[in-house]
Amino acid sequence: MEPSIVLAAVVIGYLLGSISFARIVAARVKPGEDVTSVSVVVGDGHDFTFRSVSATAVRVKVGRRWGILTGVLDMLKVALPVLAFSLLYPGEPYALIVAGAGLVGHDWPIWHRFRGGRGESVIYGALFVLDPLGAVVTTVAGILIGVLAGNILAVRWAGMILVVPWFLVVRDDPAAALWMVFSLALYFLSLRPELVQYIAMRRTGDPPTNETISRDLGMGAGLGRTVDRISIPGLVRRLRSRGQAPSEG
């Protein structure tokens, strides 16, 4: 690899990744609205705070369509430079370097005192350029795994994790697999504040259902309801409840 091209990929990826579309969209649509911290109540009194400046924050504070727009823009700010480097240097790993640097910039943006988002949109923006088939296959497989496992967050995360074996086994591309491992490490590191809250919420005496969590966290009540109904743990609970039901005399 050429050091000058590596440096260019890092700088371009990081600076573009540092653009905070969450702040830009919120400032244009609803001036004065603070999207740097969002608190919601999940179920019966479980306080949940998002400390990421992200599409989720825009959705809660500004509106669903603006949250979707923010997510699309976050995808494009990395997808476009990844596409450019892929076309300019086919067969070289520079596009992966741009993608990794873009995620670092998104999570720790230089323009905003290194306080940014978590990077799910950014990862998928790069992935849809690098391997669109893999993005679709792993996402669908991840949703199925999450639903059967009975965990609404596994629905979101399993597909991302499956990208690593996809690149290693199906594509035989260790460099791309390494990029995904790097991306997952940064993603879960930046997500730690929300993960701590989620684990504490699930460990309470009366944890909210997947339907409640997905509804209150903006993932859609229907998805959570499906997870609760057709998951393996949900099926086991229903069978047990039927077995324990008193018989009629």
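Each reported figure results from applying straightforward, stated rules to the coordinates on display, with no laboratory input. Please read all numbers here as calculations on a predicted model, not as lab measurements. Glycine gets a Cβ as well: all are built from the backbone with ideal geometry, and neighbour counts include every protein chain shown.
Summing +1 for each Lys or Arg and -1 for each Asp or Glu, what net charge is found among the other residues whose Cβ lies under 11 Å from the Cβ of Phe21? Charge balance in the 11 Å sphere: +2. The charge dipole of the chain, taken about its Cα centre with unit charges on the Cβ atoms of Lys, Arg (+1), Asp and Glu (-1) only, comes to about 700 debye. What would the Debye formula give as log10 I(q)/I(0) at q = 0.23 Å⁻¹ for the alpha-carbon point model of region 1-130, no solvent? Values returned for q = 0.23 Å⁻¹ are -1.22. Around the Cα centre of region 1-125, unit charges on the Cβ atoms of Lys, Arg, Asp and Glu (plus for the first two, minus for the last two) sum to a dipole of about 480 debye.
Its Cα centre serving as origin, region 7-63 has a Cβ charge dipole (Lys and Arg +1, Asp and Glu -1) of approximately 240 debye.
Structural descriptor for the chain: relative contact order 19 percent, calculated from alpha carbon pairs under 8 angstrom and at least 6 residues apart.
Dividing the summed helix terms, -39500 (n - 2.57) for each DSSP H run of n ≥ 4, by the number of residues in the chain produces a 222 nm estimate of -22000 deg cm²/dmol to the nearest 500. The relative contact order of region 1-130 comes to 34 percent, based on Cα pairs under 8 Å that sit 6 or more residues apart.
Taking packing as the residue-averaged number of other Cβ atoms within 10 angstrom, the listed peptides 31-37, 118-124, 16-22, 131-137 run from highest to lowest as 118-124, 16-22, 131-137, 31-37. Placing unit charges on each Cβ (+1 for Lys and Arg, -1 for Asp and Glu) gives the chain a dipole about its Cα centre, and among Leu223, Thr56, Val40 the Cα reaching farthest toward its positive end belongs to Val40. A viscosity of 1.002 mPa s and a temperature of 20 °C, combined with the Kirkwood radius over C-alpha pairs in the Stokes-Einstein formula, give the chain a diffusion coefficient of 110 µm²/s.
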